[in-house]
Amino acid sequence: MKAIFQAVLLVLLVCGASQGANPLYVTPTGSGDGSSWGTAANINAAVLTAAATPGCTVYVTNNATYTLTDQLVITNFTIKSYDANGLPDRDHTIINGGYPAISNRCFTLNHANSVVDSFTITNGCCTNIFGGGGVYISAGTLKNCLVQSNRMSNASGYGGGVYANGSSCLITNCDIVGNYALTTYGGGGICLDTSAQAWNCRINFNVCTNYPASGAGVQLITGARLMNCSVISNRAGGTAYMMGGICYNGKGNMVRNCLIMGNDRGKAVNGGGIGSYSSSANCIIENCTIVGNAGAGIANYYNGGNEYITNTICYSNGLDTPKTAGVESEGSWKAHFPGLSATGMTCERPLWRWTRSWTVVCTVQNG
């Protein structure tokens with residue numbers, strides 16, 4: 001019996017340890033130590049305490065706007081919104097970076113166990129080259145957030161809304177909307193760098209105004225993954241060699257199960273949907289719909305881009321009448337269609353054929 005009691009106690013201790021430290025609580029007017037709602041802390045004090053308490057969770061009460069004077073650095077803990085029913089409340093828990101009164105990014109995540117969950121993140125502004133007007137991630141997870149109306153003001157920086165750089169970076173189930181980047185390196189909404197990933201996100205109505213090599217919605221760099229996302233109604237505002245939707249650079253990028261629609265190239269020498277400016281860049285495009293973009297659906301410049309395209313609709317793009325697939329190249333464009341021959345492919349309406357399930361057959365034409 002004693003042995004059983006000791007075993008149960010050990011299990012409880014291990015489980016308790018795995019759940020991390022005691023939680024901290026935040027209210028807009030908090031001035032306590034954060035150990036309970038009755039002694040709630042302010043958000044800056046709670047984040048500093050949590051940084052010294054690995055594995056804890058900071059609960060931030062809803063129906064409030066938290067205006068920052070400095071960015072919140074999330075290191076090996078979770079911060080999340082919290083309503084009266086114990087549920088997250090993204091839309092009514094607002095982290096305000098303070099722009100234009102000050103230039104201040106909202107969040108930095110720098111540990112694989114850093115988590116930011118269920119906030120509206122707005123009015124952040126980054127002026128340094130590390131990027132991320134709203135959020136910068138070198139490691140960690142951003143999830144269930146609205147990232148809106150942030151800006152990247154350094155022409156050598158990345159990501160008006162979010163810049164994620166590293167294989168331990170994940171963005172999931174976020175809306176990244178109405179952000180702005182004055183940057184050569186792109187990502188008006190989001191920049192994914194060095195194997196960073198975004199899943200199940202809506203990346204819409206973002207703007208990037210500098211050039212070249214910039215994606216107004218999304219910038220992918222070297223092994224980046226964009227999965228199950230929509231990239232809609234983003235706009236490139238530079239004078240040349242930009243993409244309204246997605247620009248990729250480096251090798252090993254992937255865009256899968258995505259809708260790329262209604263993006264605007266802005267100027268005549270830009271692409272509307274997805275493409276590259278680098279001859280050494282490549283990207284897998286799989287199970288995607290590229291439609292209704294102002295400018296070519298797939299566009300590559302400076303002899304740039306190697307696309308490996310499978311089960312993808314590319315139609316009704318470009319500025320011509322009638323709309324076509326809108327595939328545009330400058331120099332030698334290299335597209336690969338696994339299992340298909342590129343010879344004789346035409347620019348026609350998408351074809352559907354019945355097998356055991358609906359199968360998309362993509363027909364696109366170089367030039």
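The values are calculated or read from the model by the stated rules, or taken from the named source; none is laboratory data. Computed from a prediction, not measured in an experiment: that's the story for all the values here. Quick reminder, even Gly has a Cβ in these numbers, built from the backbone with ideal geometry, and neighbours come from all protein chains shown.
Only residues that are over 20 Å from the mean Cα position of the chain (by Cα), among the charged types (D, E, K, R) and crowded, with 19+ Cβ neighbours inside 10 Å were counted across segment 62-113, and they come to 1. Summed over segment 204-239, residues that are on the phi < 0 side of the Ramachandran plot, at pLDDT 95 or above and among the small types (Gly, Ala, Ser) total 3.
So is GLY217 farther than 21 Å from PHE119 by Cβ, crowded, with 22+ Cβ neighbours inside 10 Å and under 12 Å from the mean Cα position of the chain (by Cα) or not? Considered against the rule, which asks whether it is farther than 21 Å from PHE119 by Cβ, crowded, with 22+ Cβ neighbours inside 10 Å and under 12 Å from the mean Cα position of the chain (by Cα), GLY217 comes out as yes.
All conditions but one from (1) crowded, with 17+ Cβ neighbours inside 10 Å; (2) at negative phi apply to SER149; the one that does not is (2).
I want to confirm something. Restricting to segment 78-94 and keeping residues that are in contact with a Ser or Thr (Cβ under 7 Å, 6 or more places away or on another chain) and not polar (S, T, N, Q), which single residue is nearest to PRO54 (Cα to Cα)?
Taking segment 78-94 and keeping what is in contact with a Ser or Thr (Cβ under 7 Å, 6 or more places away or on another chain), we get 78, 80-82, 88-91, 93-94.
This time we only want the ones that are not polar (S, T, N, Q), so: 80, 82, 88-91, 94.
Working: LYS80: 15, TYR82: 20, PRO88: 22, ASP89: 24, ARG90: 24, ASP91: 27, ILE94: 24 Å.
The residue in question is LYS80.
Give just the number: which of (1) modelled with pLDDT of 95 or more; (2) surrounded by 14 or more Cβ atoms within 10 Å (Cβ to Cβ) does ALA21 not satisfy? Checking ALA21 against (1) modelled with pLDDT of 95 or more; (2) surrounded by 14 or more Cβ atoms within 10 Å (Cβ to Cβ), the one that fails is (1).
Within segment 244-262, can you find the residues that are farther than 19 Å from TYR158 by Cβ and surrounded by 24 or more Cβ atoms within 10 Å (Cβ to Cβ)? Correct list: CYS258, ILE260.
Taking segment 32-123 as the region of interest, the strands (runs of 3 or more DSSP E) fully inside it that hold 1 or more residues being acidic (Asp, Glu), closer than 28 Å to SER167 by Cα and touching a strand residue (DSSP E or B) at 6+ places or on another chain (Cβ under 9 Å) are 107-117.
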